[in-house]
Amino acid sequence: ARVFVACLGDVARYMPRLDFTRGFFQVGGFTLLEEGFHTRAEAVVVAAAKTTAPVVVLTGLDATYGDMAAPVLAGLKALSPAPKVLLAGGSPELVAELQEAGLDQSINVRSNVLEVLGPIAAGLGVPS
């Protein structure tokens, strides 16, 4: 199963969150696709569309999410088929706001990997 990691903003500032995201999905056997680091929402949507990955994880800092996540979500959800979109980290308030804009789920250090990845894998037809 493929997951596109949409890297938003300055990677030097959020590398720990990116490392967490990589580890979170790799432990479940997912193949991570990364295509650079983006400072424009349109570039993220184009890159995600090229991969045709059924899952996209937005990875960045909360400040970057505040600027970019909503337009990225809108663009991703307009794709056909629309990918499942997750957010790495994020304050509870930000996650709630983005869920109203179409965010499917968020992950953080307190997330249960099996409870998150099991349904994603099952939805993609990956045998358990």
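What's the whole-number percent of alpha carbon pairs in the chain lying beyond 23 angstrom?
On the way: 1805 of 8128 pairs.
Result for the distance tail: 22 percent.
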*Taking amide H positions as placed 1.01 Å from N in the peptide plane, with prolines and chain starts having none, which residues 5 or more places from G28, or on another chain, fall under 5 Å of its amide H?*
none
*Once you put a point 7 Å from the Cα of R40 and another 7 Å from the Cα of L79, both along the Cβ direction, what distance in nm separates them?*
1.8 nm
*How much net charge surrounds V56 when only the other residues with a Cβ under 13 Å from the Cβ of V56 are counted, with Lys and Arg +1 and Asp and Glu -1?*
+1
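For the chain, what does the helix formula give at 222 nm: sum of -39500 (n - 2.57) over DSSP H segments with n ≥ 4, over the residue count, nearest 500 deg cm²/dmol?
Working: 5 runs with 63 residues, N = 128.
For the chain, the value works out to -15500 deg cm²/dmol.
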*What percent does the relative contact order of region 1-58 come to when contacts are Cα pairs within less than 8 Å and at least six residues apart?*
58 percent
*Size of electric dipole in region 75-120: Cβ of Lys, Arg +1 and of Asp, Glu -1, about Cα centre, debye, nearest 20*: 160 debye
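How high is the FRET efficiency from A63 to A101, r the C-beta distance, R0 25 Å, rounded to 0.05? Numbers along the way, then the final one.
Details: r = 17 Å, r/R0 = 0.68.
For A63 and A101, the calculated efficiency is 0.90.
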*So, with +1 on the Cβ of K and R and -1 on the Cβ of D and E, and no other charges, what is the size of the charge dipole of region 1-114 about its Cα centre, to the nearest 20 debye?*
340 debye
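Percent relative contact order of region 5-113, based on C-alpha pairs within less than 8 angstrom and at least six residues apart?
Numbers: 157 pairs, mean separation 31.5, N = 109.
It rounds to 29 percent for region 5-113.
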_Could you tell me what a quarter of the Cα convex hull surface of region 59-128 works out to, in nm² with one decimal place?_
5.0 nm²
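Of the heavy-atom accessible surface of the chain (probe 1.4 angstrom), what whole percent is carbon and sulfur?
Heavy-atom surface of the chain belonging to carbon and sulfur, 1.4 Å probe: 55 percent.
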*Lys/Arg Cβ at +1, Asp/Glu Cβ at -1, dipole of the chain taken about the Cα centre: which of V5, G75, A41 is farthest positive-ward?*
V5
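The values are calculated or read from the model by the stated rules, or taken from the named source; none is laboratory data. In this text the structure is predicted, and so the values were computed from the model without any measurement. So basically every Cβ, Gly included, is an ideal-geometry build from the backbone, and we count neighbours across all protein chains shown. We work out accessible area using only protein heavy atoms, side chains counted, and drop any ligands, DNA or RNA first. Shrake-Rupley method; radii C 1.70, N 1.55, O 1.52, S 1.80 Å.
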